[in-house]
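Reading through the structure tokens given below for one structure.
Derivation of every value follows stated rules applied to the coordinates shown; laboratory data play no part. Nothing here was measured: the structure is a model prediction, and the numbers come from that model. Cβ coordinates were reconstructed from backbone atoms using ideal geometry, including for glycine residues, and neighbour counts include every protein chain displayed.
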Amino acid sequence: MEMQNVSRETEALFRSFESLVGKWSPRINLVSKSDLSNVYSRHIIDSKQVYQVDWNWSSWIDIGSGGGFPGIVVAILAKEFNPGGKVVLVESDKRKCAFLRTAIRELDLPAQALGQRIEDVPSQPFDIVSARALAPLGALFGLSERFLHEATTLGFPKGKKWQEEIELASRQWLFDYEAVQSKTDPESRILIIRNLRPIEDK
């Protein structure tokens, strides 16, 4: 299912979120100053792609959510396509977490924001784990391990060094992956990871 099939109501939520980012960002640096004029094309469209890693889920955790990319975008899409789903955003920065909670409240999204360090969130299984611009792949695997079950899918947008990150991560982790071409950057990929486990479990 392609993202252009969203309803007018969902598209309106994206625009409202874009406005919120523009309002808050000068104070708490949600996106760079140079990106303020193209939040939709640079961040929202990019984040939409992460939703497509798996359409069949009931629980999703976005770690290091920052300005809500992709977490808030995921929650907006979930409101239309997966209204029974549980979306959790994790952000330790108090000001950014306050922004996320404001966005969730004002846009009436099926989500909650936790103002904690990822390592302090109680271990619990999720169907999907996502993160954008947070850490190298191997470090993301370590942060995600506490949220895995046997069928968890992980979705991470990565830039032009994605192959190098795969190679480094594979020294410590076993996993299957698919690298989906990004629609916003020809050198970037959305990495879809499954069957993740530490290499010592082999």
On the first, second and third principal axes, largest extent first, how far apart are the outermost C-alpha atoms of the chain in Å? 48, 36, 33
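For region 73-171, what class follows from the C-alpha gyration tensor (a ≥ b ≥ c being the square roots of its eigenvalues): rounded when a/c is under 1.5, otherwise prolate if a/b is larger than b/c, else oblate?
Here region 73-171 falls in the prolate category.
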Where Cα atoms sit under 18 Å apart: lysine pairs in region 3-201 separated by 8 or more or lying on different chains: 11
In the chain, if the dipole is taken from +1 on Lys/Arg beta carbons and -1 on Asp/Glu beta carbons about the Cα centre, which of Val73, Ile104, Val129 is farthest to the positive end? Ile104
Taking 0.36 nm per residue of separation and subtracting the Cα-Cα distance, what length does fully extending Asp185 through Ser170 add? 3.0 nm
Using a cut-off of under 19 Å, list every residue of region 36-72 whose amide N is near the label point 7 Å from the Cα of Thr102 along the Cα-to-beta-carbon line. 36-40, 44, 65-72
Express in nm, to one decimal, how much length is gained between Gln116 and Lys33 on full extension, taking 0.36 nm for each residue of separation and deducting their alpha carbon distance. 27.2 nm
Add +1 for every Lys or Arg and -1 for every Asp or Glu among the other residues with Cβ under 15 Å from the Cβ of Gln124, and state the total. -4
Let me have the relative contact order for the chain, percent, based on Cα pairs under 8 Å that are six or more residues apart. 18 percent
Considering the dipole of the chain built from charges on the beta carbon (Lys and Arg +1, Asp and Glu -1) around the Cα centre, which of Asn56, Ser16, Ser41 is farthest to its positive end? Ser16
Calculated FRET value between Thr10 and Ile199, using beta carbons and R₀ = 45 Å, to 0.05: 0.65
Could you give the size of the charge dipole of region 1-124 about its Cα centre, using +1 on the Cβ of each K and R and -1 on the Cβ of each D and E, expressed in debye and rounded to the nearest 20? 460 debye
